[in-house]
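The values are calculated or read from the model by the stated rules, or taken from the named source; none is laboratory data. These figures come from a predicted structure and were not determined experimentally. Calculation scope for accessible area: heavy atoms of the full protein, side chains included, ligands and nucleic acids excluded. Shrake-Rupley method; radii C 1.70, N 1.55, O 1.52, S 1.80 Å.
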Amino acid sequence: MAQQAAGAAGAGVSPPVDSLIRAAQRGDQDAFAELVRTYDRSVLRLAMNLLRSPEDARDVYQEAFLRVFRSLDTFRFDCSFHTWLYRIVTNICLDHLRKRKVRKEEPAVVETSDGPVDRMENFEEDSAHSDPERTVWNRQLKEKIEGALGGLTPRERMVFELRHYQGLRLRNIGDTLGTSEEAAKNCLFRATQKMRSVLGDFV
């Protein structure tokens, strides 16, 4: 019952999530659409936080719900739907990060026909624009962080971002990635050490 209440948080007057899942498993398209509406923002936000690219995040969002649609029949309620969904999203994000490793990390600023465009612009705080000095510092820090994240393995980066950007507990991170809490803790430690060595004076 607690899982239902937690899963349905933010869904307004929607039926409990477990009820939506069971209805969708029976082929109820409206129930599946409601399930998507319940989680669409959190999925997109997770993908954007993990990949730092609006374009990639939208691709992950579409692929994640396509996978959910195709494999919903396999969901057996032995974990929360939230954990199951996050596992799908993080696995897709891991694939994207591995592909980036192959072709090198994408730069934060890319050249377009209209001039240089910062792909991370959407993540800047609005208040920073009122303080030019802070804006410069934020940009430098952001570039440093992107460089440091690029030096992590895909799994280290995933654990680091799930912990520090999503605020997940290590136990939840382990569940999401299909590993143990201890393994997630060790991975986070390695990632943190690498980040600190790169960021230097910024931390």
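Summary of values
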read-out: Shape call, the range 141-203: gyration tensor on alpha carbons, a/c limit 1.5; value: prolate
read-out: Accessible surface of Tyr86 - all protein chains present, 1.4 Å probe, nearest 10 Å²; value: 20
read-out: Apportionment of accessible area to carbon and sulfur, the range 152-203, percent (1.4 Å); value: 47
read-out: In Å², nearest 10: area of Met48 left accessible to a 1.4 Å probe; value: 40
